[in-house]
Amino acid sequence: MPTLSWLTRDKDVKIADAVAYRLLEKDDGLSFRHEDSAVGGGNMLIQGDNLEALKSLLPYYRGQVKCIYIDPPYNTRSAFEHYDDNLEHSQWLAMIWPRLVLLRELLAEDGSIWVSIDDNEGHYLKVIMDEVFGRRNFIDTVIWEKSDSPRNSARQLSSDHDFIFGYSKREDWVPLRLPRTEAANAPRQ
């Protein structure tokens with residue numbers, strides 16, 4: 001199987017193991033409780049570094065999460081209000097690898113992970129996910145159309161979509177399918 005290589009790879013692939021466990025502390029002032037305990041019950045908002053937060057979830061949720069969706073930085077070479085999306089390519093690879101490793105540990109045996117990305121790092125992400133989750137566990141690439149009409153640019157082609165890569169923890173993963181209805185089968189207008 002092809003592997004992706006970068007300058008600090010040997011160190012980066014071991015980072016998930018080196019991250020210290022942190023104790024999760026409940027803050028009742030930030031907690032939401034609805035009269036119906038089913039609403040808001042069991043949900044968490046974790047404030048802090050996401051790598052440390054993922055590691056802290058392992059003792060409680062290892063192998064129990066059925067579905068994960070993440071929207072990592074796309075590395076667009078832009079600066080946003082809350083973070084800089086302009087990493088060196090090797091820094092982006094070093095950032096994403098340990099998070100995917102920890103997310104895999106959180107996945108249930110029948111779980112799946114879905115990761116959105118664009119052309120900036122998408123092809124590299126696919127190779128990394130093949131390594132972390134196993135190429136045979138690739139489910140599909142979903143195309144997310146960002147705009148419904150193409151832009152007319154004289155300099156380059158327009159980018160009107162992102163990707164969502166889906167992987168399962170095991171090769172025998174089966175999607176939960178809803179029954180088809182007449183309305184679902186009707187042509188869209």
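Results, tabulated for the structure shown:
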quantity: Residues that are surrounded by 20 or more Cβ atoms within 10 Å (Cβ to Cβ) and over 12 Å from the mean Cα position of the chain (by Cα), drawn from the stretch 108-118; calculated: GLY111
quantity: Out of GLY29, GLY42, GLY63, sole residue that is modelled with pLDDT of 95 or more and out of contact with any Phe, Trp or Tyr (no Cβ under 8 Å at 6 or more places or on another chain); calculated: GLY63
quantity: Check on GLU121, surrounded by 11 or more Cβ atoms within 10 Å (Cβ to Cβ) and either basic (Lys, Arg) or at pLDDT 95 or above (or both); calculated: no
quantity: Test: residue in the stretch 129-140 that is in contact with a Lys or Arg (Cβ under 6 Å, 6 or more places away or on another chain), modelled with pLDDT of 90 or more and part of a loop (DSSP other than H, G, I, E, B); calculated: no
quantity: Test: residue in the stretch 145-152 that is at pLDDT 70 or above, of a type in the set (Lys, Arg) and out of contact with any Phe, Trp or Tyr (no Cβ under 9 Å at 6 or more places or on another chain); calculated: yes
quantity: Every pair of residues 6+ apart whose Cβ atoms lie under 9 Å, when the first sits in the stretch 4-26 and is at negative phi while the second is part of a loop (DSSP other than H, G, I, E, B) and among the β-branched types (Val, Ile, Thr); calculated: ARG9/THR3; LEU24/ILE46
quantity: Conditions (1) at pLDDT 95 or above; (2) on the phi > 0 side of the Ramachandran plot; number of the one not met by ARG104; calculated: (2)
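The values are calculated or read from the model by the stated rules, or taken from the named source; none is laboratory data. Worth saying up front: this structure is predicted, and the values here are computed from it rather than measured. Methodologically, a virtual Cβ is constructed for each residue, glycine included, from the backbone with ideal geometry; neighbour enumeration extends over all protein chains shown.
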